[in-house]
Amino acid sequence: MTGPIRAVLFDKDGTLFDFAAVWTPAYRAAAQSYAAALGRPDLTDALLRAAGYDVARDRYIPGSVLISGDASEICAAFEAVTGRARPDLLAPTEAVMDHWSARPRAPVCDLDALFGDLKARGLALGIATMDSRAALAAILEDASWQRHLDFTCGYDSGHGTKPGPGMVAAFAAEIGEAPSTIAVIGDSPHDIAMARAAGAGLAIAVRTGPTPDSGLALADVILDDIAGALDWIAEFGDR
């Protein structure tokens, strides 16, 4: 950990929103669509299992592409079931996921209040997600809290993908700060690895995603949710 902290970069799903509530129906719809395109609707559960969803136990396998991957990685996992590449199915599969992930959802806390408090402390705020730019824009369009954001990016924004450092570096460049002044908050190992790769000043993990604490061990701290991050950020912001 270093200081002072001047900015906060949030992951989206699993951090700002409950992961399973957003993505379980989205992934099931995508797998159903993919299986239907193959003429094999019976493969839906097999596709989900291959990508990292334990259908029988209704849980995600830690480290799976469904937790941290983008649409191309998920489709690659689907292709492993049939042993046949289907690049023509990438765009329609991504469209299904974008449609479902852009639906209205309940945040894990009052984001307008939390973000307003952080901004009042002089902190810049951003979101970095492995969702697409289009899906993120759809969520932000009617969100009262989007006015607090200084930066947003998806996996297709041109800054690379997690766990690489590009999203943090792009945020730092946008706000004119060094990566060491940024706190990264996320729910997956990829979020924490991104923070470390970029030289972020603080890596905070939250338990509102599908990853157990054992998978978040490289974080500086593991909290129940983002509401608990305020004191940590304030402590290092005051240095």
Run lengths n ≥ 4 of DSSP H only: what is the helix-derived mean residue ellipticity at 222 nm for the chain, with -39500 (n - 2.57) per run over all residues, to the nearest 500?
-13000 deg cm²/dmol
Normalized C-alpha radius of gyration of the stretch 83-218, against 2.2 N^0.38 Å?
1.11
Percent antiparallel among DSSP beta bridges with both residues in the chain, to the nearest 5?
15
Lys/Arg +1, Asp/Glu -1 at C-beta; the chain dipole; positive extreme among Ala26, Gly126, Leu90:
Leu90
Between the stretch 147-216 and the stretch 19-98, what's the alpha-carbon centroid distance in Å?
25
On the principal axes of its Cα set, how long, how wide and how thick is the stretch 20-101? Give whole Å, largest value first.
27, 23, 20
Only Lys, Arg (+1) and Asp, Glu (-1) charged, at Cβ; the chain dipole about Cα centre in debye:
380
Taking Cα atoms, the helix 90-101 axis meets the longest principal axis of the chain at an angle in degrees (rounded to 10) of 60
Per q in 0.16, 0.19, 0.21 1/Å, what log10 I(q)/I(0) does a Debye calculation on the alpha-carbon atoms of the stretch 5-144 return?
-0.83, -1.08, -1.26
Using the alpha carbon gyration tensor of the stretch 53-97, what are the three equivalent-ellipsoid semi-axes (square root of 5 times each eigenvalue), largest first, in whole Å?
20, 12, 10
Go ahead and run the numbers for FRET between Ala106 and Arg84, Cβ-Cβ distance against an R0 of 35 Å, rounding to 0.05.
0.35
Grab the Cα-Cα distance for Ala234 and Leu149, subtract it from 0.36 nm times how many residues apart they are, and report the gain in nm with one decimal.
28.8 nm
Residue among Trp23, Trp145, Trp100 with the largest mean-square fluctuation in a Gaussian network model of the chain, springs linking Cα atoms under 10 Å:
Trp145
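FYI, it's all coordinate maths here, none of it is from the lab. No experiment lies behind these values; they were computed from the predicted model shown. Ideal geometry is used to build each Cβ from the backbone, glycine not excepted, and the neighbour counts take in all protein chains shown.
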